[in-house]
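Enquirer: Before I ask anything, let me first share the structure, which is written out below as structure tokens.
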Amino acid sequence: MTLDQRRFSLPGHTNKFASVCRQQSAAMSGLLINQPKYSWLKELGLSEDNPGVYNGSWGGSGEVVTSYCPANNEPIARVTQATLAEYEDTVQKAREAWKMWADVPAPKRGEIVRQIGDALRKKIKVLGSLVSLEMGKIYVEGVGEVQEYVDVCDYAVGLSRMIGGPILPSERPGHALIEQWNPVGLVGIITAFNFPVAVYGWNNAIALTCGNVCLWKGAPTTPLTSVAVTRIVADVLEQNNLPGAICSMTCGGADIGTAMAKDERVDLLSFTGSTHVGKMVAMTVQERFGRKLLELGGNNAIIVFEDADLNLVVPSAVFASVGTAGQRCTTTRRLILHESVHDTVVERITKAYKQVRIGDPWDPSTLYGPLHTKQAVEQYLAAIEQAKQQGGTVVCGGKVMDRPGNYVEPTIITGLAHDAPIVQTETFVPILYVLKFKTEEEAFAWNNEVKQGLSSSIFTKDMGRVFRWLGPKGSDCGIVNVNIPTSGAEIGGAFGGEKHTGGGRESGSDSWKQYMRRSTCTINYSKDLPLAQGIKFE
């Protein structure tokens, strides 16, 4: 027996070593990724332990976090987050990569984005399944979210041949007046748990087409989705011999987010999250006179008038309030009903709520899954208690469900005043407050009186009312709908809201302008030097 063999044969050491091995083995076997049912996770390049930093190469030596499945609170796999030193290294590599990327013609950049979209298409079902498993939304919503990223890639490809400014008429002879648009440089993207793929996609596809590089910090509770998406994008960059740092990622918590907000090298910071945190981000970025794009909360309302088609109202209200278990920024939280239809609508929606199929989010028949975290369950219970104290009546739901995971009953509460504190508060859970109104002016005012201004909708057949709703005295939101729900925005339009929602715009229309800087350029091609406004300086 050798010296080394004798050393490890000592009784105490042998027992300790064996115990450690057993603990490690148990920890690994306890992860969902090691169960045959979830072996598909490995198709996304995931393993028991995953690096949470990408800047052309994979790494991570910070805190190790475990991702949990909201449907059963079981651990899925682990991710090692970035340290501040690794964040610094990643920013430097991203800035260096921009020097090359900015010189690539926009249509060629669009071709890379097209390939990213195609790569996502090939993984859409398995990536959608991961979103469902890690975030908790139902499978069809998870796949739909990946489809949004694909659609934005398609949109950005066309945009890559259309970006540009106008040639403006100059008042001076022999002069040309043009607008030149250039990329801002490094776009920092901080996304939330509820859309762990789509929101990054909205920003990433447009930012890349505009000539920027990206640094992504996903939500700390959905790190596996961040890693899986980044692996797909990194493969495309690698296949085209492009620096991986063009699409960098640093998983982390508040320390990484704060560093991004303070960092003058981050030319634009896109933040999606709560109004509370968004305000801190905005103030930090403003201190350095940086650019920010904020997508924050929404206390969204559907207004139902006496002439509304209730066959449209009921499924719209149910989808918009129950979908994603009330965890969309566009979720309907206030249902404002004309007094003549109030009781009928409440009765019909309550009946529909009781028919919503609740279950495992990856079961194709499920329409309603769990909340994302245990903390959200606590917020749900606290909000219901406050609503009762303020005069509300729970007509449907109101309880935590007796099953594994973070399941709560979708809830309807009536009888509250429109200005009750709980009604004025956005709670990111499936609670719908039903209000009763008499006049159009009253309903429009109630829609606008909350702090946020994201999404809104009316149901009516009165065309005069429709255009008053769309006009200057109508809804003050960034999304103003008629006869459709508050949720389910299309990628072709600009997405975002006013007031405490932050004012940012992402995705379609002219949102690309947020990712670029504009220069007004005057070119004198004459031999004279006339001044504007007819000024003589001789």
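The values are calculated or read from the model by the stated rules, or taken from the named source; none is laboratory data. All values derive from a computational prediction rather than experimental measurement. All Cβ positions, glycine included, derive from the backbone under ideal geometry; neighbour counts span all protein chains shown. Note: areas computed on protein heavy atoms with side chains; ligands, DNA, RNA excluded. Shrake-Rupley method; radii C 1.70, N 1.55, O 1.52, S 1.80 Å.
Enquirer: Which length gain, in nm to one decimal place, applies between K37 and V466 when the Cα-Cα distance is subtracted from 0.36 nm times their residue separation?
Expert: Additional length available on full extension: 149.4 nm.
Enquirer: Nearest 0.05, what FRET efficiency do A532 and E498 give at R0 = 51 Å with Cβ-Cβ as r?
Expert: Efficiency, from the Cβ-Cβ distance: 0.90.
Enquirer: Moving to a separate point now. Roughly what % of Cα-Cα distances in the stretch 387-507 sit above 25 Å, to the whole percent? Intermediate values should be presented prior to the final figure.
Expert: Working: 2423 of 7260 pairs.
Here the long-distance tail beyond 25 Å is 33 percent of all Cα pairs in the stretch 387-507.
Enquirer: Under a straight-distance cross-link criterion of Cα-Cα below 17 Å, which aspartates and glutamates are reachable from K37, leaving out those fewer than 8 residues away in the same chain?
Expert: K37 reaches E48, E74, E134, D360, D363.
Enquirer: Calculate, for the stretch 169-271, the solvent-accessible area per residue in square angstrom, rolling a 1.4 angstrom probe over the heavy atoms of the protein chains.
Expert: Roughly 25 Å² per residue, with all protein chains present.
Enquirer: Direction-averaged shadow area of the convex hull around the Cα atoms of the stretch 152-211, nm²? Before the final figure, lay out the partial values.
Expert: Values: hull surface 22.5 nm².
Mean orientational projected area (the stretch 152-211, Cα hull): 5.6 nm².
Enquirer: Quick one: of K354/K436; K436/K513; K351/K436; K123/K217; K279/K374; K99/K292, which pairs are farther than 31 Å apart, Cα to Cα?
Expert: Checking Cα-Cα distances, K436/K513 exceed 31 Å.
Enquirer: Still on this structure, I have one more. Mind listing the phi-derived Karplus ³J(HN,Hα) values for the stretch 249-254, rounded to whole Hz, using 6.51, -1.76 and 1.60 with θ = phi - 60°, and x for any glycine or proline?
Expert: Per residue, the Karplus-derived 3J(HN,Hα) values read 8, 10, 5, x, x, 5 Hz.
Enquirer: Still on this structure, I have one more. With label points built 7 Å along Cα→Cβ from the Cα atoms of E171 and N72, find their separation and express it in nm.
Expert: If labels sit at E171 and N72, their model points lie 7.3 nm apart.
Enquirer: Based only on Cα atoms, what Rg/Rh ratio does the stretch 236-296 have, Rh being taken as Kirkwood's radius? Please report the intermediate quantities before stating the final value.
Expert: Details: Rg = 13.6 Å, Rh = 12.8 Å.
Radius of gyration relative to Kirkwood radius: 1.07.
Enquirer: Another question about this same structure. Give me, ordered by chain and number, the residues 5 or more places off C396 or on other chains with an amide H under 5 Å from its own placed amide H.
Expert: Close amide H contacts, sequence-distant or interchain: I412.
Enquirer: Could you go through the stretch 50-56 in sequence order and give the Karplus-derived ³J(HN,Hα) for each residue, using 6.51 cos²θ - 1.76 cosθ + 1.60 with θ = phi - 60°, rounded to whole Hz, and x for Gly and Pro?
Expert: 10, x, x, 10, 9, 8, x
Enquirer: Let me ask something else. Work out from phi, with θ = phi - 60° and the Karplus expression 6.51 cos²θ - 1.76 cosθ + 1.60, the ³J(HN,Hα) of each residue of the stretch 391-406, listed in order in whole Hz, and give x for Gly and Pro.
Expert: The phi angles translate into x, x, 10, 7, 9, 7, x, x, 10, 7, 7, 8, 6, x, x, 9 Hz.
Enquirer: Something else about it: Among V313, H372, I431, which residue has its Cα positioned farthest towards the positive end of the charge dipole of the stretch 300-490, with +1 placed on the Cβ of Lys and Arg, -1 on the Cβ of Asp and Glu, and the dipole taken about the Cα centre?
Expert: H372
Enquirer: Using amide H atoms built in the peptide plane, which far-off residues or other-chain residues are under 5 Å from C247 H to H?
Expert: Long-range HN contacts for C247: C214.
Enquirer: Under the rule a/c < 1.5 gives rounded, and otherwise a/b versus b/c splits prolate from oblate, where does the stretch 300-490 land using the Cα gyration tensor?
Expert: Prolate shape, in that a/c is at least 1.5 and a/b is the bigger ratio.
Enquirer: List the trypsin sites (Lys or Arg not before Pro) in the stretch 483-528 that DSSP assigns to loop (not H, G, I, E or B) and whose Cβ has at most 11 other Cβ atoms within 10 Å. Which are they?
Expert: K527
Enquirer: Taking a point 7 angstrom from the Cα of N524 along the C-beta vector, which residues in the stretch 138-178 have backbone N less than 13 Å away?
Expert: 172-176
Enquirer: When the Cα centres of the stretch 257-295 and the stretch 489-538 are compared, how far apart do they sit, in Å?
Expert: Using only Cα atoms, the two centres lie 22 Å from each other.
Enquirer: Among G298, V184, I33, which residue has its Cα furthest toward the positive end of the charge dipole of the chain, with +1 on Lys/Arg Cβ and -1 on Asp/Glu Cβ?
Expert: Projecting each Cα onto the dipole axis, the largest value belongs to I33.
Enquirer: Do any chymotrypsin sites (Phe, Trp or Tyr not before Pro) in the stretch 490-538 lie in a DSSP loop with no more than 11 other beta carbon atoms within 10 Å, and if so, which? Let's see the in-between values first.
Expert: Numbers: sites: F495, W512, Y515, Y525, F537; in loops: Y525, F537.
Answer in residue order: Y525, F537.
Enquirer: Explain nothing, just the number: dipole magnitude of the stretch 417-491 about its Cα centre with +1 on each Lys and Arg Cβ and -1 on each Asp and Glu Cβ, in debye rounded to the nearest 20.
Expert: The dipole magnitude comes to about 180 debye.
Enquirer: With the full set of protein chains in place, find how many percent of the accessible area of the stretch 45-150 is carbon and sulfur; take the probe as 1.4 Å. Present the calculation step by step, with values, prior to reporting the outcome.
Expert: Details: 2150 of 4050 Å².
That share works out to 53 percent.
Enquirer: Next up: On full extension of the chain, what length is gained from E347 through I484, given 0.36 nm per residue of separation minus the C-alpha to C-alpha distance?
Expert: The E347-I484 span can extend by a further 47.3 nm.
Enquirer: I've got another one for you. Please give, to one decimal in nm, the separation of the simple spin-label points placed at D307 and R403, each 7 Å out from Cα toward the Cβ.
Expert: The two pseudo-label positions are separated by 4.3 nm.
Enquirer: Right, another one. Sort 225-234, 270-279, 375-384 for me by packing, meaning the mean count of neighbouring Cβ atoms within 10 Å per residue, highest on top.
Expert: 225-234, 270-279, 375-384
Enquirer: In terms of modelled amide H atoms, which long-range or inter-chain residues lie less than 5 Å from the amide H of R291?
Expert: It is L269, by chain and number.
Enquirer: Here is a further query. What FRET efficiency comes out for R517 versus M283 if R0 is 22 angstrom and r is the Cβ-Cβ distance? Round to the nearest 0.05. Walk me through the intermediate numbers first.
Expert: Numbers: r = 22 Å, r/R0 = 1.01.
Efficiency computed from Cβ-Cβ geometry: 0.50.
Enquirer: Once ligands and nucleic acids are excluded and a 1.4 Å probe is used, how much of L470 is accessible, expressed in Å² to the nearest 10?
Expert: Looks like 90 Å² after rounding.
Enquirer: Of M401, F459, V356, which is farthest along the charge dipole of the stretch 300-490 in the positive direction, counting Lys and Arg as +1 and Asp and Glu as -1 at C-beta?
Expert: M401
Enquirer: Here is a further query. With +1 assigned to the C-beta of every Lys and Arg and -1 to the C-beta of every Asp and Glu, and no other charges, what is the dipole magnitude of the stretch 300-490 about the Cα centre in debye, to the nearest 20?
Expert: On the way: 18 positive and 21 negative charges, 52 e Å.
Here the size comes out at about 240 debye.
Enquirer: Using 10 Å bins from zero, what percent of all Cα-Cα pairs in the chain falls into each bin?
Expert: 4, 17, 25, 23, 16, 9, 4, 2, 1, 0, 0
Enquirer: Let me ask something additional. At 7 Å along the Cα-to-beta-carbon direction for both Q180 and D49, put a label point, then send me their distance in nm to one decimal.
Expert: Placing both labels 7 Å along Cα→Cβ, they lie 5.1 nm apart.
Enquirer: Of the listed peptides 486-492, 159-165, what is their order by residue-averaged count of other C-beta atoms within 10 Å, with the highest listed first?
Expert: 486-492, 159-165
Enquirer: Per 0.36 nm of contour for each residue apart, how much would the distance between D154 and K473 grow if the chain were fully extended, relative to their Cα-Cα spacing?
Expert: In short, 111.2 nm is gained.
Enquirer: Mind checking the dipole of the chain: about its Cα centre, +1 per Lys or Arg Cβ, -1 per Asp or Glu Cβ, Debye to the nearest 20?
Expert: 700 debye
Enquirer: Take the Cβ-Cβ distance between D235 and A417 as r, set R0 to 56 Å, and report the resulting FRET efficiency rounded to the nearest 0.05.
Expert: Efficiency computed from Cβ-Cβ geometry: 0.55.
Enquirer: Please report the relative contact order for the chain, taking Cα pairs under 8 Å with a sequence separation of at least 6, and give it as a percent rounded to a whole number.
Expert: Contact order relative to length: 16 percent.
Enquirer: Next up: Grab the DSSP H runs of the chain that are 4 residues or longer, score each as -39,500 (n - 2.57), total them, divide by all residues and round the 222 nm result to the nearest 500 deg cm²/dmol.
Expert: My calculation for the chain gives -12000 deg cm²/dmol from helical runs alone.
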